[in-house]
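Peer 1: Take this structure first; my questions come after.
The values are calculated or read from the model by the stated rules, or taken from the named source; none is laboratory data. Computed from a prediction, not measured in an experiment: that's the story for all the values here. Cβ sites come from the backbone with ideal geometry, for glycine too, and all protein chains shown count toward neighbours. The protein model used for the area step is the full one, side chains on, heavy atoms only, and it has no ligands, DNA or RNA in it. Shrake-Rupley method; radii C 1.70, N 1.55, O 1.52, S 1.80 Å.
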Amino acid sequence: MWNLFSPSRPAVDHRALVRDGATLVDVRTDDEFRAGHVEGARNIPVHEIEQRLSEIPKDRKVVVYCRSGGRSASAAAALQRRGYDVVDIGPMHAW
């Protein structure tokens, strides 16, 4: 799993990953998502990740984000434990 805020992370162009087919997941609440989100993102709140794994393709990278980075880190860890290839961009403003 890569996190944009890790000093040892490889350079990752998360926008290019999404353009090339990665699944973009906003792990904020439904209300936060409705208030504004990155175009093309699917909303799966972090507390629903485990129950909604079937909505996240496992055959491609997954890019996750949230408001400040905490929830995306939790979601990324949960997805990684399930065998997903995850890039955590942290807060939405990093998009």
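Peer 1: Considering only the stretch 42-82, how many residues are within 9 Å of the chain's Cα centre (by Cα) and closer than 14 Å to residue 30 by Cβ?
Peer 2: The total comes to 1.
Peer 1: Could you look through the stretch 49-75, keep only residues that are in a loop (DSSP other than H, G, I, E, B) and open to solvent by less than 40 Å² (accessible area, probe 1.4 Å), and pick out the one that is farthest from residue 15 (Cα to Cα)?
Peer 2: The extreme case among them is 49.
Peer 1: Restricting the first residue to the stretch 76-95 and requiring it to be open to solvent by 30 Å² or more (accessible area, probe 1.4 Å) and modelled with pLDDT of 95 or more, which pairs with a second residue that is part of a helix (DSSP H, G or I) and among the hydrophobic types (A, V, I, L, M, F, W, C) meet a Cβ separation below 7 Å and a spacing of at least six or different chains?
Peer 2: Between residues of the stretch 76-95 that are open to solvent by 30 Å² or more (accessible area, probe 1.4 Å) and modelled with pLDDT of 95 or more and residues that are part of a helix (DSSP H, G or I) and among the hydrophobic types (A, V, I, L, M, F, W, C), the close pairs are 82/53.
Peer 1: Continuing with the same structure: Does residue 13 count as open to solvent by 50 Å² or more (accessible area, probe 1.4 Å) and modelled with pLDDT of 95 or more?
Peer 2: No, not satisfied.
Peer 1: With respect to residue 34, is the statement that it is at pLDDT 95 or above and open to solvent by 90 Å² or more (accessible area, probe 1.4 Å) true? Lay out the reasoning, then the answer.
Peer 2: Details: at pLDDT 95 or above: yes; open to solvent by 90 Å² or more (accessible area, probe 1.4 Å): yes.
The answer is yes for residue 34.
Peer 1: Counting just the residues of the stretch 37-48 that are in a helix (DSSP H, G or I) and of a type outside the set (Val, Ile, Thr), which one comes out least open to solvent (accessible area, probe 1.4 Å)?
Peer 2: Among residues in the stretch 37-48 that are in a helix (DSSP H, G or I) and of a type outside the set (Val, Ile, Thr), the one least open to solvent (accessible area, probe 1.4 Å) is 48.
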